[in-house]
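See structure below.
Nothing in this text is a laboratory measurement; each read-out follows from the coordinates by a stated rule. Predicted, not measured: the structure shown is a model, and the values here were computed from it. Cβ placement follows ideal geometry from the backbone for every residue including glycine, while neighbour counts extend to all protein chains displayed.
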Amino acid sequence: MKKGLFITALLLFVGILSGCSTSSNIYTYILDDSYEGFITLGTSADYPPYEWPKQVDGKNTLVGIDIEIAKEIAKALGKNLKVVNKGFDFLLDDLENGKVDFVLAGMTPTEERAQQVDFSMVYYEATQVILIQKSMVNTYTSIESLDQASVRIGAQMGSIQQDLATDTFSVAQTSFIQSIPDLVMRLMDGQVNAVIMEKPVADGYVFNQTSLAIANIQIGDPDGGSAVAVQKGNSELLKVINTVLTSLIESGKMDQIVADAIILNS
Ligand code: ARG
């Protein structure tokens, strides 16, 4: 992607998510004319290839792995899909308060979160990586080389990466902010020196922006992955979701969904 275009795409993200502490944006997907009613997904569309905003046929919509999976879940229920797009740090409360029926947001099922919501099986595995400026690849070669008072580590507010940054670094400064594209912009202009995120997301940024690279440093759980969240005790919906996920994985359709999302983001 050309640099100008890439910046425009980043600004689009930041614009869409800014102010989301007070407002949210809602997208509807009519999946079949015979379906009645909607099921409502909560997501945070700043995380390609999981979910991000994109113009499709001249219309602003949300695309990505999680959106496609949510459509399959809605179809299995015979319902159309409504998507509420908010800051990642709002999603679990919205689910708990019944503002949304389920959440897909590249969300890692943690024990702490499992006290508030119930999780499906893991549908997509990914490791954590550290995104840096390419010119720093030979400087930032270890956790110690990053854990300096002059270094600022970024992570998304409310994410496992925020906890990971807090647990891993004791000397470095941190910036925990709501939007990933905003963090990446800060990384590109030097306000932040490293951003922790899931590898598929970092791969997309590296592909689209030649000044960025993934540091050769291991961090986080090597067996991490994303799961769907539902309200605590909603075992009926969870059962449908796990059936849909299993069949997507076993049929190979999940691999196709992931591959399509990666192409769409490049
Ligand atoms: N996997 C991480 C977590 O669960 C980050 C997910 C961020 N997702 C997003 N849509 N921004 O905390």
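Kindly put 125, 112, 72, 198 in sequence by how many other C-beta atoms sit within 10 Å of each C-beta, fewest to most. Write out the running numbers ahead of the final one.
Numbers: 125 13, 112 10, 72 18, 198 26.
Least crowded to most crowded, the residues run 112, 125, 72, 198.
Where is the GNM fluctuation largest for the chain (alpha-carbon springs, 10 angstrom cutoff): 40, 108, 141?
141
Among 96, 144, 111, which comes first, then next, by fewest other beta-carbon atoms within 10 Å? Provide the component values of the computation, followed by the final result.
On the way: 96 14, 144 11, 111 6.
Ordered from fewest to most neighbouring Cβ atoms within 10 Å, 96, 144, 111 come out as 111, 144, 96.
Cut-off is 10 Å between beta-carbons; in what order do 56, 244 appear when sorted fewest neighbours first?
Numbers: 56 11, 244 21.
Ordered by Cβ neighbours within 10 Å, fewest first: 56, 244.
Can you show me the helix-derived [θ] at 222 nm for the chain, built from DSSP H runs with n ≥ 4 at -39,500 (n - 2.57) apiece and divided by the number of residues, rounded to the nearest 500. Walk me through the numbers before you get to the answer.
Values: 9 runs with 95 residues, N = 266.
That calculation yields -10500 deg cm²/dmol at 222 nm.
Taking the Cα centre of the chain as origin and charging only Cβ (+1 Lys, Arg; -1 Asp, Glu), how large is the dipole, in debye to the nearest 20? Don't skip to the answer; put the middle values down first.
Details: 18 positive and 32 negative charges, 164 e Å.
The dipole magnitude comes to about 780 debye.
Within 10 Å, count the other beta carbons around each residue, average over each peptide in 249-257, 160-168, and list them highest first. List each step's numbers first, then the result.
Numbers: 249-257: 13.7, 160-168: 18.1.
Those peptides, ordered most packed to least, come out 160-168, 249-257.
Nearest 5 percent is fine: what portion of the DSSP beta bridges confined to the chain is antiparallel?
65 percent
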